[in-house]
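> Sharing a structure here in structure tokens format.
No lab work stands behind these numbers, since they all come straight from the coordinates. Note that this is a predicted model, so its numbers are computed, not measured. We place every Cβ from the backbone using ideal geometry, glycine too, and count neighbours over all the protein chains shown.
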Amino acid sequence: MMRTRPLKVALLGCGVVGSEVARIMTTHADDLAARIGAPIELAGVAVRRPSKVREGIPAELITTDATALVKRGDIDVVVEVIGGIEPARTLITTAFEHGASVVSANKALLAQDGAALHAAADENDKDLYYEAAVAGAIPLIRPLRESLAGDKVNRVLGIVNGTTNFILDKMDSTGAGYQEALDEATALGYAEADPTADVEGFDAAAKAAILAGIAFHTRVRLDDVHREGMTEVTAADFASAKEMGCTIKLLAICERSADGASVTARVHPAMIPLSHPLASVRGAYNAVFVESDAAGQLMFYGPGAGGAPTASAVLGDLVAVCRNRLNGATGPGESAYAALTVSPMGDVVTRYHISLDVADKPGVLAQVATVFAEHGVSIDTVRQQGRQDGDGEASLVVVTHRASDASLSGTVEALRKLDTVRGVASIMRVEGE
């Protein structure tokens, strides 16, 4: 039986995502009511610029006083899509204190203060849902914390930023340089005017922290995630990758140690074999590969950003939270019982592709091989090629077997000190094998 009193929803932010949330709430009102068991009503929309015309939203719902909106006391659910740390953090905790559950898309805030926000939700017996914070429309958080709750997740490996994937895909498919590919991404609206958060890996690192925390039932903060950007990736790196039957992606990788006692979370460019499912993810799409004991290998794929896709995830959470509200219950909260150690990047074990500029003379390869051996890094393949410009230098490409990141760092430091090594052109990890 349909409940007649509507559940009231406050919307914080009415930009690209917020406007789509409001539109779907209006155009799909009957369907949403049928799925929830009660109608939902947009009770207020907090914005910074009230003079802006917002089609489909009555002017009387617009307010610049977000604090007063969340304090009203009759709000059932607050949807937060303003982003950033403050005032979002204070508004969310205030919403809990005044009786509302919260749906958020705020990856930066959740990665930094997720534990405190969950504690505030629990203290007030309210829900905190955030499917839209990671990978846009792709259902990922709910499968991890509900569908796989009875399984043991060992690894989460994914492309979680559409902007960087578009740029790298363009470099791979056309041979374009980084700046040229970035300019095209900006012109098409995939990259922001300031793309730093994307191309330097900050966005992906926040998502990695959230995913690792859920997957491993352990608190993982943004500061725990090793982060490297992709601005130094070159056309030469892609040429080397192709010779190995690989491509290059900016990956978020969260994994348990072999003994299961610790976890690591990292974001960096990596070569992956063309045979790996993630290698075929093109354009601005996202995909996440999950490996668990019982379910085996699962892949989640779809649009990872944009107004409508992200709003889809927000609305899915809104339906779930409203159902809980009607039933007088709450959904899953934070699960951090495992409290595993978060290990530093130096403990990570993987393969490496190292490109060196060396003197083109006998004995150089032997010197380089000796340095690798002294640091316990085993070489898989070596390729040396003299330069046609006749400058007395050659390119030396070394691909290693699996080794710790600390061992590789020590190796590279020692290589830089060799007189015969003129420079380390690039270092890239090799994943997905």
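> For segment 116-214, which semi-axes, largest first and in whole Å, follow from the square roots of 5 times the eigenvalues of its Cα gyration tensor?
Semi-axes from the Cα gyration tensor: 33, 16, 10 Å.
> Sticking with this one: With labels modelled as points extended 7 Å from the Cα through the Cβ direction, what inter-label distance (nm, one decimal) is found for T381 paired with D31?
4.9
> If amide hydrogens are placed 1.01 Å from N in the peptide plane, which non-local residues have theirs closer than 5 Å to the one on V342?
Long-range HN contacts for V342: V263.
> List the residues whose amide H sits under 5 Å from the amide H of E41, counting only those 5 or more places along or on another chain, with H placed 1.01 Å from N in the peptide plane.
Answer set, sorted by chain and number: L7, K8, V9.
> Label segment 345-430 by shape, choosing from rounded, prolate and oblate, from the square roots a ≥ b ≥ c of the eigenvalues of the Cα gyration tensor; if a/c is under 1.5 it is rounded, and otherwise prolate applies when a/b is larger than b/c, oblate when it is not.
It is prolate, given that a/c is not under 1.5 and a/b is the larger ratio.
> On to the next question. Report the rotationally averaged projected area of segment 1-141 based on its alpha-carbon convex hull, in square nanometres.
8.5
> Apply the Karplus curve 6.51 cos²θ - 1.76 cosθ + 1.60, θ = phi - 60°, to the phi angles in segment 355-360 and return the couplings in whole Hz, x for Gly and Pro.
These are the phi-based 3J(HN,Hα) values: 10, 10, 9, 10, 5, 8 Hz.
> Next up: Identify, among A197, L326, S355, the residue whose Cα sits farthest towards the positive end of the charge dipole of the chain, taking +1 on the Cβ of Lys and Arg and -1 on the Cβ of Asp and Glu, with the dipole about the Cα centre.
With unit charges placed on the Cβ atoms, the residue in question is L326.
> Taking only C-alpha pairs under 8 Å that are 6+ residues apart, what is the relative contact order of the chain in percent?
Reported as a whole number, the value is 16 percent.
> As a check on your grasp of the helix formula, calculate [θ] at 222 nm for the chain: sum -39500 (n - 2.57) over DSSP H runs of n ≥ 4, divide by the residue count, round to the nearest 500.
-10500 deg cm²/dmol
> Using only Cα positions of the chain, each an equal point scatterer, no hydration layer, compute I(q)/I(0) via Debye at q = 0.10, 0.13, 0.14 Å⁻¹ and quote the log10 values to two decimals.
Each listed q maps to, in turn, -0.74, -1.11, -1.23.
> With θ taken as phi - 60° and the coefficients 6.51, -1.76 and 1.60, list the Karplus ³J(HN,Hα) couplings across segment 92-105 in order, rounded to whole Hz; mark glycine and proline as x.
Coupling constants for segment 92-105: 5, 5, 5, 4, 4, 5, 10, x, 9, 7, 10, 10, 10, 10 Hz.
> Give the whole-number value, in cubic angstrom per residue, of the convex hull volume spanned by the C-alpha atoms of segment 141-302.
Spread over its residues, the Cα hull of segment 141-302 gives 111 Å³ apiece.
> A further question follows. Take H353, H118 and order them by how many other Cβ atoms sit within 10 Å, fewest up front.
Sorted ascending by nearby Cβ count, the order is H118, H353.
> Moving on to the next point. Placing unit charges on C-beta atoms (Lys and Arg positive, Asp and Glu negative, everything else neutral), compute the dipole magnitude of the chain about its Cα centre in debye, rounded to 20.
Dipole about the Cα centre, nearest 20: 800 debye.
> How big is the dipole moment of segment 305-395 about its Cα centre under a simple scheme where the beta carbon of each Lys and Arg is +1, that of each Asp and Glu is -1, and everything else is neutral? Debye, nearest 20, please.
Its charge dipole is roughly 560 debye.
> Could you list H401, H217 so that the one with the fewest beta carbons within 10 Å of its beta carbon is first and the one with the most is last?
With the sparsest Cβ surroundings first, the list reads H401, H217.
> Return the FRET efficiency for the residue pair L418, A239: r is the Cβ-Cβ distance, R0 is 35 Å, and the value is rounded to the nearest 0.05.
0.90
> Note the count of lysine pairs whose C-alpha atoms are less than 30 angstrom apart in segment 1-153, limited to pairs 8 or more residues apart or on different chains.
Lysine pairs meeting the criterion: 11.
> Right, next: Under 5 Å between amide hydrogens, which residues at least 5 positions from V348 or on another chain qualify, with H placed 1.01 Å from N in the peptide plane?
Hits under the 5 Å cutoff: D405, A406.
> Rounded to the nearest 10 degrees, what's the angle between the helix 307-327 long axis and the longest principal axis of the chain, both from Cα atoms, 0 to 90?
With rounding to tens, the tilt is 50 degrees.
> Using mean Cβ contacts within 10 Å as the protection proxy, how do 196-206, 321-331 order, highest first?
In decreasing order of mean packing, 196-206, 321-331 become 196-206, 321-331.
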